[in-house]
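Reviewing the structure listed below.
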Amino acid sequence: MSEADYKELKKGGMMRQAEAGLFSVRLHVVGGRLATAQLRAIREAADRFGRGEIHLTTRQGVEIPHVPQGALAALKESLAPSGVGVGVCGPTVRTVTACQGCRVCPSGVIDSPELAGIVDKELYGKPVPHKFKVGISGCVNNCMKAEENDVGIKGWIEPRREAPACTFCGVCQAVCPTKAIATSVDGRTLIVDPTLCIGCGDCITSCPTGSMREKIRGYRVFAGGKFGRRPSLGRRILWVLRTKEEAMTAIVAVLGFFREHGNPRERFGDTLQRTGFPALETFVKERTGLS
């Protein structure tokens, strides 16, 4: 096989193994979610075309290893009726990862799988200067490690106090992990320090009188994270976005910045080291009208 032919296969998620003539086939999984019928189809494909095993990747993906080159097309065709497609590699927008979000997790603030589906539908497999990864965490517990992705989303909930019901029992202060809540000197007011609040919402769910209510629920955006040989953490841009539409608009704008300023085979985090994060934030604000 020529190197050019291999590169074409790799773009379609078919990666050459160390053992000559065999490939590991990456499948398209969105946010780590698969129907049981799809799991059965993957199992059958692994039995028929591989060696009866699959690999679960670090980014919620599934790969079928030990597939002979001559069986690649047949494997792809066999999976199609179940809705399982092959994945992508190379300089593209990769698999979108997501936690289970507020529909399943008690800590969830946003619907992570829903946003993952929106991002996947619009951006998955699209060309970029280098691989580009999106991860969505439903809350500040950050299970999907927002700061380790080229673009990461983190659910956020900010509290407000309704004075009449508050009995100053101290529960909200006790559960706050950053000590962002304090009582005023005269003992008649609770003060929430926004510079210390991490948006976990623990004070809201723990308040016995319901006087701690939701003020803002939304999405925080992080950009420029990566692992690999030279890891770096992403940084927050913008404030708290209120809707999934705003979050999607911000992600598209960040990707636009990368396409305009990124060099071939340069990770987005390295691009931002050249341009500076303020340049990205200015670009996103101007492109979207968000702040």
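The values are calculated or read from the model by the stated rules, or taken from the named source; none is laboratory data. Here the structure is a predicted model, which is why all the values come from computation and not from measurement. Cβ atoms come from the backbone with ideal geometry, glycine included; neighbour counts cover every protein chain shown. The protein model used for the area step is the full one, side chains on, heavy atoms only, and it has no ligands, DNA or RNA in it. Shrake-Rupley method; radii C 1.70, N 1.55, O 1.52, S 1.80 Å.
Any idea what angle helix 112-123 forms with the longest principal axis of the chain, computed on alpha-carbon atoms, 0 to 90 degrees, nearest 10?
Once rounded, one gets 50 degrees.
With all protein chains present, calculate the accessible area of V192 using a 1.4 Å probe and round the result to the nearest 10 Å².
50
Just to confirm a number: summing +1 for Lys and Arg and -1 for Asp and Glu over residues other than T178 whose beta-carbon lies under 14 angstrom from that of T178, what do you get?
Numbers: positive: K179; negative: E158, D193, D202.
Net charge in that neighbourhood comes out at -2.
Counting other Cβ atoms within 10 Å of each Cβ, which chymotrypsin sites (Phe, Trp or Tyr not before Pro) in the range 184-291 have at most 16 and sit in a DSSP loop? Mind showing how you got there, number by number?
Numbers: sites: Y219, F222, F227, W239, F257, F258, F268, F283; in loops: F227.
Passing both the DSSP loop test and the Cβ count: F227.
Starting from 0.36 nm per residue, how many nanometres of slack lie between I191 and A37 once their C-alpha separation is accounted for?
Values: separation 154, 0.36 × 154 = 55.44 nm, distance 5.18 nm.
Net length gain for the segment: 50.3 nm.
Just to be sure I understand the model, the point goes 7 Å from the Cα along the line to the Cβ. What's the resulting E19 to T167 distance in nm?
Label at E19, label at T167, 6.7 nm between them.
Hey, any idea what % of the chain's accessible area is carbon plus sulfur with a 1.4 Å probe?
Values: 7530 of 14580 Å².
For the chain, the apolar C and S fraction of the accessible surface comes to 52 percent.
Give the separation of the Cα centroids, the range 66-91 to the range 6-53, in Å.
Using only Cα atoms, the two centres lie 6 Å from each other.
With all protein chains present and a 1.4 Å probe, how do C172, C102 order by accessible area, largest first? Numbers along the way, then the final one.
Details: C172 15, C102 60 Å².
From most exposed to least exposed: C102, C172.
Just to verify a number: FRET efficiency for S78 and T205, C-beta to C-beta distance, R0 = 51 Å, to 0.05? Mind showing how you got there, number by number?
Numbers: r = 47 Å, r/R0 = 0.91.
With R0 = 51 Å, the Cβ-Cβ based efficiency is 0.65.
For semi-axes √(5λ) of the Cα gyration tensor in Å, pick the label among (i) 41, 30, 15; (ii) 44, 19, 16; (iii) 42, 23, 14 that corresponds to the value derived from the coordinates.
It is the one labelled (iii).
Please identify the GluC sites (Glu not before Pro) of the range 112-213 that satisfy two criteria: DSSP loop assignment and at most 16 other Cβ atoms within 10 Å. Which are they?
Working: sites: E114, E122, E147, E148, E162; in loops: E162.
Those that pass, being in a loop and sparsely packed, are E162.
Which entries in the list K7/K76; K7/K121; K215/K285; K76/K226; K11/K76; K7/K131 go over 19 Å, if you measure between the two C-alpha atoms of each? Display every interim value, and only then the final one.
Working: K7/K76 17 Å; K7/K121 24 Å; K215/K285 23 Å; K76/K226 30 Å; K11/K76 14 Å; K7/K131 14 Å.
Among K7/K76; K7/K121; K215/K285; K76/K226; K11/K76; K7/K131, the Cα-Cα distance tops 19 Å for K7/K121; K215/K285; K76/K226.
Would you mind checking which residues have amide H under 5 Å from L22's amide H? H placed 1.01 Å from N; only 5 or more apart, or other chain.
Amide H neighbours of L22: Q17.
Counting alpha carbon pairs within less than 8 Å and at least 6 residues apart, what relative contact order, in whole percent, applies to the chain?
Working: 597 pairs, mean separation 40.4, N = 291.
Relative CO of the chain lands at 14 percent.
Which percent, nearest 5, of DSSP beta bridges in the chain are antiparallel? Working shown, then result.
On the way: 31 of 38 bridges.
Bridges in the chain that DSSP calls antiparallel: roughly 80 percent.
At a threshold of 8 angstrom on Cα-Cα distance, excluding pairs fewer than six apart, so keeping six or more, what relative contact order does the range 93-199 reach in percent? The partial results should precede the final answer.
On the way: 174 pairs, mean separation 23.0, N = 107.
In percent, rounded to a whole number, it is 22.
Output wanted: per-residue J couplings in Hz (rounded whole) for the range 63-75, from phi through Karplus 6.51 cos²θ - 1.76 cosθ + 1.60, θ = phi - 60°, x for Gly and Pro.
Whole-Hz 3J(HN,Hα) from phi for the range 63-75: 10, 10, x, 6, 9, x, 4, x, 9, 4, 5, 5, 4.
If you take every residue apart from T167 with its C-beta less than 14 Å away from the C-beta of T167, what net charge results, scoring Lys and Arg +1 and Asp and Glu -1?
Details: positive: R161, R188; negative: E162.
My count for the surroundings of T167 gives +1.
Based solely on its DSSP helices, what 222 nm [θ] is calculated for the chain when runs of n ≥ 4 H residues each add -39,500 (n - 2.57) and the sum is averaged over all residues, nearest 500 deg cm²/dmol? Display every interim value, and only then the final one.
Details: 9 runs with 91 residues, N = 291.
One gets -9000 deg cm²/dmol as the mean residue ellipticity at 222 nm.
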